[in-house]
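Structure first, commentary second.
The values are calculated or read from the model by the stated rules, or taken from the named source; none is laboratory data. Only a predicted model underlies this, so the values are computations on that prediction, with no experimental measurement involved. Quick reminder, even Gly has a Cβ in these numbers, built from the backbone with ideal geometry, and neighbours come from all protein chains shown.
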Ligand SMILES: [Zn+2]
């Protein structure tokens, strides 16, 4: 393979003037694209809570953690900046070329911590009470106007989740996505408690939102379901459905029908942290749904290591071809985040690679060697 000016120029031939590098017994693969991160938690040494905690109880721990940090001498912006920096360094060391980062601060491209990792910044929008809708939309629109994309940081929006986003706010954000031609990322169908809230307007999420003074009894019509939100997200330019753990068969059919417009971000170890169940990866891939892989954050995962994430997924889903798992961690993430030059080793693409030491032996499918450790 030859590389010229940071791009792949040829994949088999070497020119007489080029420098050849022997990498040894390694697999050379495209650098990873981590589809879902919250780097503001990158300074946590261990996840918050215990495996098996409910999502609602875990969110209480996140809220408590933020309040605790607010008591320290450093400002929130200073703390988040330090954590994001640490997460970017960890990501780069793990062979990650780009991330889909949920941002809770209104970063400017110049103030966002810089590294060689490219960041699709999904600025998070939260507003369940109807009275918050216009204010949120105005803020999002202003940020999109103010933020000037750079080669390393590009703007997008994230309506957080059905339990924190009024349907009218989501509709407005989808419209902005369409107009600005930017992807949206939304947590959806993440827990059984979310489905209960959508259906009946009751349960642990209602209690949590009341505690936080963020509940609006009228916000979502009774008998709502993730499908209602998928139908709204289908109006966005592109949508990244984060988790999708508990989407029904009909909802998976709907996602499949959206084709390239919609991608699901699967966070294997975070799913396992919260749920003693099997992620419906086979059902998704069987329908032709585009699935990407994310590490999520260190608040629910021990590290930001994409290869560890892939190996975990390979162990959980022995029926899935290893090449599919590699595709999820590279090409599918690149496509979902809008990085056309990443995710593949091909002529014209960015020379952005990762090497994985592998045992050298003959196997029918060499992808298997990636997941042996
Ligand atoms: Zn998340």
Q. Quick one: how many residues across the range 282-318 are more than 16 Å from the ligand (Cβ to nearest atom), in contact with a strand residue (DSSP E or B) (Cβ under 7 Å, 6 or more places away or on another chain) and closer than 16 Å to residue 354 by Cβ?
A. 2
Q: Go through (1) away from the ligand (no atom under 16 Å from the Cβ); (2) surrounded by fewer than 24 Cβ atoms within 10 Å (Cβ to Cβ); (3) within 19 Å of residue 158 (Cβ to Cβ) and name the single condition residue 334 misses.
A: (2)
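The rows are residues; the columns are (1) in contact with a strand residue (DSSP E or B) (Cβ under 6 Å, 6 or more places away or on another chain); (2) at positive phi; (3) in a helix (DSSP H, G or I).
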site: 140; (1), (2), (3): yes, no, yes
site: 151; (1), (2), (3): no, no, no
site: 158; (1), (2), (3): yes, no, no
site: 171; (1), (2), (3): no, no, yes
site: 186; (1), (2), (3): yes, no, no
Q. Just to be sure, is residue 303 under 30 Å from residue 49 (Cβ atoms), in the same structural domain as residue 151 (by TED's automatic domain parsing) and either surrounded by fewer than 24 Cβ atoms within 10 Å (Cβ to Cβ) or within 15 Å of the chain's Cα centre (by Cα) (or both)?
A. yes
Q) Among the residues of the range 36-44, is any surrounded by 15 or more Cβ atoms within 10 Å (Cβ to Cβ), in a strand (DSSP E or B), within 16 Å of the ligand (Cβ to nearest atom) and within 30 Å of the chain's Cα centre (by Cα)? A) yes
(Q) Looking only at the range 109-125, how many residues end up being surrounded by fewer than 23 Cβ atoms within 10 Å (Cβ to Cβ), in contact (Cβ under 8 Å) with a residue 40 or more places away in the chain and either within 27 Å of residue 213 (Cβ to Cβ) or over 19 Å from the mean Cα position of the chain (by Cα) (or both)? (A) 2
Q: Look at residue 321 and say whether it is in the same structural domain as residue 98 (by TED's automatic domain parsing), farther than 16 Å from residue 188 by Cα, away from the ligand (no atom under 16 Å from the Cβ) and crowded, with 21+ Cβ neighbours inside 10 Å.
A: no
(Q) With the requirement that a residue be in a loop (DSSP other than H, G, I, E, B), touching a helix residue (DSSP H, G or I) at 6+ places or on another chain (Cβ under 7 Å) and within 15 Å of residue 271 (Cβ to Cβ), what does the range 300-326 give you? (A) 300, 301, 317, 320
Q: Inspect the range 329-336 for any residue being on the phi < 0 side of the Ramachandran plot and touching a helix residue (DSSP H, G or I) at 6+ places or on another chain (Cβ under 8 Å) and give the result as yes or no.
A: yes
Q: Quick one: which strands (runs of 3 or more DSSP E) lie wholly within the range 188-293 and hold at least 1 residues that are outside the structural domain of residue 176 (by TED's automatic domain parsing), surrounded by fewer than 16 Cβ atoms within 10 Å (Cβ to Cβ) and within 18 Å of the chain's Cα centre (by Cα)?
A: none
Q) Failed condition for residue 279, given (1) away from the ligand (no atom under 16 Å from the Cβ); (2) free of Cβ contacts under 8 Å to residues at least 40 places away in the same chain, with all others met? A) (1)
Q: With the condition kept exactly as written, say whether any residue in the range 98-106 is modelled with pLDDT of 95 or more, in contact with a strand residue (DSSP E or B) (Cβ under 7 Å, 6 or more places away or on another chain) and in a helix (DSSP H, G or I).
A: no
Q. Picking from 100, 52, 72, which residue would you name as being at positive phi, in contact with a helix residue (DSSP H, G or I) (Cβ under 9 Å, 6 or more places away or on another chain) and assigned by TED's automatic domain parsing to the domain that holds residue 299?
A. 52
